[in-house]
Amino acid sequence: MSLPQHIPQVHAASSSNQFSTESYFQTQRPPTGLDEKVNRVTAFSDKWRQVGKKVVLVTSGGTTVPLESNTVRFLDNFSAGTRGATSAEYFLKAGYAVIFLHRLHSLRPFSRHYSHSLNPFLDLLTITESTSPDGQPSVTVDKKYTATLIPILQAYHTARAQGTLLSIDFQTVNEYLWLLRAIAKPMSTLGRKGMFYLAAAVSDFFLPDDKVAEHKIQSNKGTLSLEMDQVPKVLRPLVQEWNPEGYIVSFKLETDQALLIPKSRAALSRYGHQLVIGNDLHKRKYEVVFVERKQQPIGGILAPRKGKGDQRLLGAETPPVAEIELDGEKMFKPVEEYSEKWLRLADVPRDGREGEIEIEEVIIQELVDRHEKWIAAAQ
Ligand code: 9Z3
């Protein structure tokens, strides 16, 4: 039966491709410049591995989704890269070497303090007329700004002199995914001394190469409909194949606070990594929650059920078990237990400190301890 003209046609969901990570990398083109970027990361992580330094990959900013391959238009998201850029500074301060994988033109460590919109750098400067014979005026930083500027400048110079900060940029979600996979490899030689701090806001949807328009989409049709495919969840292969020894921290962003903990737990259970930091879009600058497993992943261990309520079956050290039925037989499956820790700026003791405390300082303090324990647990 054909539909009358005025009834809108709805695309069947089954017409979209479901990309596994494997099929994604088989079908989507690698970005130009990938090898050169990966070579820089390899040299950087080799250098720091040799001296036993801890290395963290900080991802930062939003990814774009181009609508045309000769890109005029693209989809984007809100992320400015504040979390990533700020965290990178505190990781450096805590003695890490930092690979800063960031969205092109998003905020960067150190220079973020003087972003063009919030605190324009030119506003700090004054011109002083020359008193010397050459008649050249000089530029100085206004006295009232120097006390704030000096520690930032010192930390920046230290990172430059020691070579502890490597910045690599991406723009599209495709570039981000290829880079993450490629960087995970050289980082795996760091073993447990490598950390992943995945703060970038990565698009959940994209237009695969075979669906993207080649040239600028013309506007004369009056409307534009897009059917996008789901970006594969690369956390699973990152944890299970690309870098199984690294300490892996992902972020979970929600706008409904009630979803933060259940969604963070679900991510831990699904991907098996070490920590999810949950944050609410509107409170993210002063409140986050750490969600982690109480014990290491134990997924998949099944034991036949003996006596009713027999929880000793898996040994005294094992976590609680749930009774499930598999092929008609009653089995026990260990249940993962989670802990939550809220970090709130309002709870941080000020200890006579003046000025603002940033939530990233508190996050990184907590992470350094956990990462140390992760390293020690293997020894
Ligand atoms: C975050 O949740 C970051 O904390 C923010 C930082 C993007 C909120 P800003 O750059 O914002 O400081 O303005 N990042 C991860 C967001 C994300 O896409 N997570 C995925 C999800 O929630 C899981 S990997 O599903």
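Worth a mention:
- For the range 347-379, the tally of residues that are of a type in the set (A, V, I, L, M, F, W, C), under 18 Å from ILE277 (Cβ atoms) and modelled with pLDDT of 95 or more stands at 7.
One line per residue, one yes/no per condition, for (1) touching a His at 6+ places or on another chain (Cβ under 9 Å); (2) over 18 Å from GLY246 (Cα atoms); (3) more than 16 Å from the ligand (Cβ to nearest atom):
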{"residue": "PRO31", "(1), (2), (3)": "no, yes, yes"}
{"residue": "LYS37", "(1), (2), (3)": "no, yes, yes"}
{"residue": "PHE44", "(1), (2), (3)": "no, no, yes"}
{"residue": "TRP48", "(1), (2), (3)": "no, no, yes"}
{"residue": "THR59", "(1), (2), (3)": "yes, no, no"}
{"residue": "THR64", "(1), (2), (3)": "no, yes, no"}
{"residue": "THR71", "(1), (2), (3)": "no, yes, yes"}
{"residue": "PHE78", "(1), (2), (3)": "no, yes, no"}
{"residue": "ARG83", "(1), (2), (3)": "no, yes, no"}
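- Put simply, of SER16, SER2 the only residue that is among the polar types (S, T, N, Q), touching a strand residue (DSSP E or B) at 6+ places or on another chain (Cβ under 7 Å) and modelled with pLDDT under 95 is SER16.
- Residue check for GLU245: under 25 Å from LYS373 (Cα atoms), touching a helix residue (DSSP H, G or I) at 6+ places or on another chain (Cβ under 8 Å), at pLDDT 95 or above and in a loop (DSSP other than H, G, I, E, B): yes
- Test: residue in the range 276-285 that is β-branched (Val, Ile, Thr), touching a residue at least 60 places away in the same chain (Cβ under 8 Å) and near the ligand (Cβ under 8 Å from one of its atoms): yes
The values are calculated or read from the model by the stated rules, or taken from the named source; none is laboratory data. As the structure is a computational prediction, the values presented were derived from the model and not from experiment. Positions of Cβ are generated from backbone atoms using ideal geometry, with glycine treated the same way; all protein chains shown enter the neighbour counts.
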